[in-house]
Structure formats: C-alpha cells, structure tokens
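The values are calculated or read from the model by the stated rules, or taken from the named source; none is laboratory data. Quantities reported herein were computed from a predicted structural model and do not represent experimental measurements. Using ideal geometry, Cβ is built from the backbone for each residue, glycine included, and neighbour counts are taken over all protein chains shown. To get the accessible areas, we keep the full protein, side chains included, count just its heavy atoms, and leave off ligands, DNA and RNA. Shrake-Rupley method; radii C 1.70, N 1.55, O 1.52, S 1.80 Å.
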Amino acid sequence: MFVICEICDITINTAEEYDRHVGGKRHINQLNYYREKKQHAACSVFVKGFPPKTTEWELKVYFNNFGPVDKIIFDKKDERFPQYAIVEFKYEQAANNCLSFTHPHILNSTKLNVRKRDFKELSETPYFPWQKGQGQQHSWTRPGGVQPPHGGPQHQYDPSWDTQAGPGGMYYDPSGDPGYEPHWQMDGGYGSNMRNFDPSYDPNVYPDFQANQQGQGQGQGPQGQRGMPSLPGKKKKRKKKKKGDGEQVQKDQPKIKREDVIDLPITVEDFLKEMMSQTQKGIQTEMGVLADAIQVTSQELQSRYIICKLLEEVLTMFFPGVSINQFGSSVNGFGIKGCDMDVYIDLTNLGIPCRSQAIELPYVRDIRFLKKQRGPLGHDDMIKILPVDKAKLILRILTDHAPACTELTLIPSNRCPIVRFTHQDSGIKCDLSIDNKLALQNTRLLQTLSLYDARVRPLVYVVRYWAKLKGIAGNPRALPCLSNYALTLMVCYYLQSVRPKVLPTVQEMADLAGHQRTIINKWDCSFVAAQFIPPTMNSQTTEELLAGFFSFFAEFDFHTSGILMRTGQSFIVAEASNLGIPMKTGMVNIQDPFVLDHNITLNINEKTRQLISMEFRVAAAKAAKWSKPENANSKTILDLFTEDVPEGVEFTDLTSKTTSGIQLGDYQFTLELKIDNLDQGLLHSLRKTGNVQVAWCKRMCTFVYGILERVLMFDVEINKTNITDPLPKTRYYNHKEKGMKRSKSPDSQETDSKRTKTDTEPGPSDAANGGEKATTEEAPVPVEEPTPGPAGAEGGQEAEPMDEDTTADYEDADVYLDMDIKIFCRTWAERKKFMSAFKERGYTDSSELEQAVSERLYYDHFKTARNPIVEYNFIVKSIVKGSNAVLLFTALGDKEQKEFYCVFHYIKKFLAKMEKHFS
Ligand code: UTP
C-alpha cells in the first residue's frame, strides 16, 4: 500500500515514512513553493487576443483598472509577437474583479480573451491512489489513522466569474485612455528602500466589487451588472428590457463615498505627524511619505471609474460607440487627492445607430438643422455639428438623463468647449471635453516619463504640493497661475537639463519611435514607451534633484528665456518669432511638447511671474542648506513649506516692490555700488573726486551709455543729462524717423553731449569689419542730425507724447541721464551661438567680445529694420544715501510694442552681466 505526494511527486510506502516526509524540510519547502505559485496564479489572469505589438505598459494600464498590477509575463515562445500574457495582480481581489467584469475587455479596439490563469491544483497532502479524481483527497485519513497536517485545498475561484459574456453594445474602453494608470502602478518611486512601501493599500480598496462578489456567492448569476452605476428613470427600464435583472442592478450598484475635495490634500501639520510616526528619516523618506499621503486614493480612482461608467451608459444611448477616456492627473501618475477629473468624450468612431434603440433627442437650438427628433446619432450626424454644439447637446443629455451630474455648466470655446459638472455622490468635479486627443497623448507622455525613472514621481508630488501651498500653481480656476500640467513639465524640463540627464527629451523619445509615427491634428506626437528608452546615467538622489530643481529655476530668467519642452532647450523670448514654429510669448514661456505653437503658460501675468521667481529663490536658498554637513540631522522638506525667507535672499515684495529700499515699478531696475567689488585703481580715482558715491554714479552712467550705444549698438540719443564728460555717439543711421518721442520740457537744457557727432571717427565697428562698414549694403549711412523741432514734434511728423514729462523726477538727482533708445537690429537674438563661436576663436569674456558679437549680428547676420523694432525712453538717475549709491533705471514708452517687455528685460540682464567689466 502506498500514498502519493503530488507536491513532491513521490510515493510513500509506510506510515513512518509518511510522518518523516510531511514533517521534513523538502516537503515543507515544496509545499511552500506550491502555495506561493498557487497564490500567484490566484492573483493572475490569462490574456489572449491582444493586438500584435501590444506593450507591457499598455496591458498594465488597462488591467490597472481592476487593481494594482504586479507584473506582466509575456508568452516566452515568441517574444516579438507574444500570443498570450499573464497579468499578475498584487492582490487576488483584483484578479477576481477582472474575471468578474461583465463587459468585454477591449484594448486598442480589440476584444481580449481574459480568463482564469490555468493552474494545476495538487493535493497538498498525500493520498491513496484510488482517491484520486473522487474528490476524496479532501477527506482522507493518513495511513494509520493520523489526520493530515492541513485541510484540503480550498477553491479560490468562483467559476461563475470566469464568464466573460457581457451585454452587447458599446463599452468604456480604458485602452482608449492611454494614460489610465492609477498611482499604485508606478514602479517603486521612492528609492529602492521604499519600493514596496504602499501605505495606501487597503484591503477594502474595492469595497464595491467585494460587496458584489458576496452577492454573487449567494446565488446571483454571473451576468450581474457589478460595478455599474445606476441611472434612475430610463436606465432602469432599459436594463429590465435587456436582462430582466434591473432590480438586481439597482441593489448591486456600487456606492460612492463622498470625498472631501479640499484645497490642500494634507495639511503641513498632518504631514509632520505622519513623519513623526516614521522610523526612517531624511529628505528622501519625507518625499516618499508626502507623495503617498497626497496621491489620489484608490477609493477616488474607483469613484472616477464609476463616473466614466455612468457617462458611458448615458451617452451610449445617444452616441453608440462613444468612448469615454480619462486624461490628466487622475491617470497620469501625478494625481493629488481631490483633484479634478478630466474626461475626453471621443465621438469620432460612432457605430451605425440601430433603429430599435431610438431615443428622444433633447432640443438644442443649434442642431435643429439635423431635423432629427430621435436618436441615436451616428458619425454622419456628428460631422455636421460644431464642437460647441456637441458640448451643448451633451450638456442637455446629462441634464435630462444623469441626475448624478450636478452643477452642469458649459464653458464655450471654439477650440475645446468643456462641459463641467460635479458628481453628486463623490463630490468629484469633472471637465468633459469633446475633441482632445492631444491631451490623451500628453497624459500618456507624462505617464511614460514617470514610469521611466522612479525619481520623477516623488519629485513632482513634492513640487506640486509646495507650489499649491505657495499659491503659484494647482488652482486652475484662479486664472493667472501655473497649471499643474505646466508645473509637471517644468520638473521634466529640469530633469532633461541636469547633467547627466535623468529624462530624455521628447524629441529623443520621438526619434526612437522610428517609422511608427502618431500624428494628431498635424502634430507629431510619437514617442516610445519607457522600456525602449536607454537608461539614465544620472545617479543623483531625489533630495539632490529637488534642491537642484529649485536652484535651476531660481536662476532661470523667465523674462528673457523660455522653455522648449520638445527639445529640452531654452530659447530667447525675443527670438520666439524665429522658432521654427512661432509661438505667442508672454510673461512665462513654456512650449507644449507636441503642439509647438502653444505656450502653455500664456495666462501668467507679471505679478505671478514675480511670485514664481521669488518662491523659487526662497526654496532654492532653503534647499541649498541641505547639503551642508552640519544640517545632516536637522534638514527636512518642511523647510520648504514655511513662510521664512532665508537671509540673503533677494526678496522682492510684490506689493511694495522694494529692492535696496527703493520702490520699483514694473519697468524699473537698479545697479548698486558694491565698493568691495571695485578695482583698487578705480576706487582710488573715485576717491580723488571727493565723493565716491556720486563719482561712481557718473562713471557707471557713462559706462551704461557705452554698453547700450556701442556694445549693443542701439540707437541712443540723449535728451538730457548732467554728466559733463562727453558721451560720444559712435554712429548715425538713416532709418526713417518714425514712432513716438517723449515730449520734452520746454525749459530742458540739453548738454553738450547731446547728439555729439563722432561719425568722422571710425568706431570700433569699423575696425571689426575691416573698414568695410560704409560700403556694405546693410551698413547704416551717416545722416544729418535732425533739427530739433518744437517739443513733441520732430521730422515733420505729428508728435505723440510718449509719456508725461518726468524731468522733475530726476533733475534733483546728483547724476541723471535721460535718453531715447531705438532698436533697429536684433542684436540680442542668436547671441549665445555667436558668443561661443567667437570664444572658440580665442576671444575671452569682455565687452570687446560682446561688441564684436553685436557687430557680427548687426552687419552680417540680420538685416537692420527700417523702422525701430522697439523704442524706449530710458531714464537713469542716481540715488545716493550715505555710503550707498544706486542707479535707478526706468524704461518708458509704449508698452504695447511687441518686444517692449522682453527687450527691457534683456537690457536689464545684460547690464547686470556687464557690470563685471566696469572699471
Ligand atoms: P491640469 O493642468 O489640470 O493638470 O491639466 P493635471 O495634471 O490634470 O492636474 P490637476 O491635478 O487636475 O490640477 C489637465 C490635463 O489637460 C491637458 C493635459 O493633458 C493635462 O494633463 N492640458 C492642460 C493640456 O493639454 N494643455 C495645457 O496647457 C494644460
């Protein structure tokens, strides 16, 4: 007589041998291994029928709808075109949810064959051969009458769940939403020590599904509409007609808990408490804990899914074949608790409406022409309707048929009208857009970047939290602040700019896509999934990257530079029109990674820009302290969230705009005397004048004039000054006088230096051009000095006063210089390129180099404009108080001029840079 141990695949002949075996190491190990495999199988589903080239990521994204996916195991026989895949979830419940899903599983418009993963069940305890197949292995007694050590195997699956048959019709297809990947899916995210740390996991993550499952266990058929939201009124009737189980549907519908949609997902105090309970400390740990604490919860994700189902259910009646796709932070991996839900309703692939499903259309004035009172509507109908009318129609449908959608409003726009509502049960705010494939694609891009490197996610979360706290982002309703989308792209841009780079540029990702291009509305939106991108060489910690991010943007000059998200480069704002695809510029300029003519930060105003820069400076100063050894034990990201301003940070208060105690207006800046930085020889000569401060102001004023006139080659004319040293004019131009002149005070006394003619002396520009200046086509021709006319009138043109007379503001100053600046050539554009070329030729950093570059740009590169590109009246005046001296610059003029803002900031930056050459 013998028993069979299937676990170890052996036969046992005696009771003693049995005892030895079942208590032995080998059997126990094998048994544990078997149970582990069984558990994996219970957590898995078998998937076939997906389109060739379906990526692991796409499968992950889709199956995450049912719960966190642990891994995807592809058919190993044919790695290029795998026939099947095993989707292994983290929890058995998720596999059950998936198997019990009553609708077809659809990925990339293809119906998947999803079934229980095959698993060969073994008897965990040895059995007599004749018991095999009689189900007796569950109740056998050991030879000799000893009870087996374990009970018989429990069936883990309810066979009814294996049924995939769902009702006909159209389905919510999360595959259409490439970004659909809940937060938990992100690989790691907090450094290796925290990879498996998932405090958000709660076995009740899917209470609704569990409730349904229990219902099923009690005899409900497999076709129950689990997970389906209820639709009062019409829906109930429809269900009855279809399945005859409408009552059950009502009973089994999931309940959505109301989530408080709060401004801050967690207060700083609560975060502090959370940190106190942690055993591990340090910035990296804090970043991970914060990310986990603020990320969108599984419960919310479930509610969002249910909202999609609700929308699908209602809209399918009118638009068979509609697909409902989430995009934005709910699904891009960066969602914050209580964030809005963005949904794109795709009406482009509608099926052929079936007459038997006829449904009354709501009255929408603008679609009367369709001459239809009953739906559903098909593709041919939809192409006749404008986007805004589609939005109106959807609004009416939801008003009539989806009472759970409250506070419905239409936000009209020709390009992207939005239907906004609040979901009654969950409180989630939802924005529906009709044609927004690009948003799906950029959602997918962000998600790919977050999947590519585990450091991206905690960085984005901390930055989002910080920005929300500081009021610079994350509140899309309050118009002039950064959108979370823009902020996330800023983090990505930094990670592309750091060396070695952490993230690839979008262009690099697109290049990797080879011939497989994705073109949406003429824009190339191709890119490859994370696993096809070569790994980064950067090994910085998240702490270092966070500090680096703040310091990067603290130094970033938003006035003059913009961000090209596609190539990971910056550009000069004034040159935006020279970009391959011109983009409208504003106070902050960030180009969309796909829609290259779209500046995603055009809504930012001057005040917000200042606030953004200021907050970056403050954060950078705080984060810089983290690297100091003496702060090793005390550093914390909480530093970033306080209101403190570290010592030495140039804090420009927005209300008073105070720098060095001087009130600054929008177009003002200062240069300050820094005695310690002065060259000893210069200091000596200044001292000789008896008043270092005033002497410095005069010298600096002259220096500035030289920079503007000679180095930058602007056309500078002095209106008034009390500097007695001559301020020579190196060139005159025959540009037709045009534009406005600031009216002069009738009694203004122009000094000798005004319009000092020096055109007979060859300027440095002549030398640089081998004296050919006058003969080149582009070279400006010296002209007669125009005769000064009466105040406000010049060159026969009617005078338009530029600004009110401001002479009184500066005439009492020790030093002042009032000049008109006209700019005819874009000497600021492409400067960087020429600078490097000149440096390669042996030039060193100096004003001569700057001048040589300007001349090159002036004479060879650009054609000078006939009319000024932009013109200013610049007033420089000294403010001397005790040992302090400041030159205050004020730019006046028509602020509507296209380049007024950015050239002003260019000048400001350039002068600050040139200060080091002052001697
Ligand atoms: P949000 O700025 O709302 O970003 O843009 P978010 O990541 O979803 O953040 P919250 O948490 O809801 O505030 C939502 C989506 O709209 C698209 C992007 O797809 C973005 O993910 N979008 C936004 C654009 O395509 N362009 C934009 O300029 C802004």
Any pair with Cβ under 6 angstrom, 6 or more apart, that starts in segment 898-914 at a residue that is hydroxyl-bearing (S, T, Y) and ends at one that is modelled with pLDDT under 90 = Y906/T560; Y906/W828
Subset of segment 512-533 (residues that are touching a residue at least 40 places away in the same chain (Cβ under 8 Å) and charged (D, E, K, R)) = D524
Checked F571, F594 against criteria (more than 16 Å from the ligand (Cβ to nearest atom) and either open to solvent by less than 30 Å² (accessible area, probe 1.4 Å) or charged (D, E, K, R) (or both)); the one match is F571
One residue from P417, P387 being more than 30 Å from L640 (Cβ to Cβ), under 29 Å from the mean Cα position of the chain (by Cα) and free of Cβ contacts under 8 Å to residues at least 40 places away in the same chain | P417
Among the residues of segment 402-441 satisfying the criterion of being out of contact with any strand residue (DSSP E or B) (no Cβ under 8 Å at 6 or more places or on another chain) and of a type outside the set (D, E, K, R), which is nearest to the ligand (Cβ to nearest atom)?
-> S413
When segment 483-498 is examined, which residues are found to be away from the ligand (no atom under 11 Å from the Cβ) and either assigned to a helix (DSSP H, G or I) or open to solvent by less than 10 Å² (accessible area, probe 1.4 Å) (or both)?
-> M490, V491, C492, Y493, Y494, L495, Q496, S497
Does E300 fit the bill of being within 16 Å of the ligand (Cβ to nearest atom) and at pLDDT below 90?
-> yes
Please tell me if T399 is open to solvent by 50 Å² or more (accessible area, probe 1.4 Å), away from the ligand (no atom under 13 Å from the Cβ) and either touching a strand residue (DSSP E or B) at 6+ places or on another chain (Cβ under 7 Å) or not hydrophobic (A, V, I, L, M, F, W, C) (or both).
-> yes
Just wondering, is there one or more residues in segment 449-460 that are within 21 Å of P265 (Cα to Cα), surrounded by 24 or more Cβ atoms within 10 Å (Cβ to Cβ) and within 10 Å of the ligand (Cβ to nearest atom)?
-> yes
Which one is modelled with the lowest pLDDT, of the residues in segment 601-613 that are open to solvent by 20 Å² or more (accessible area, probe 1.4 Å) and within 15 Å of the ligand (Cβ to nearest atom)?
-> N603
Taking the residues in segment 50-90 that are in contact with a Gly (Cβ under 9 Å, 6 or more places away or on another chain) and open to solvent by less than 10 Å² (accessible area, probe 1.4 Å) as candidates, determine which candidate is nearest to R115 (Cα to Cα).
-> F89
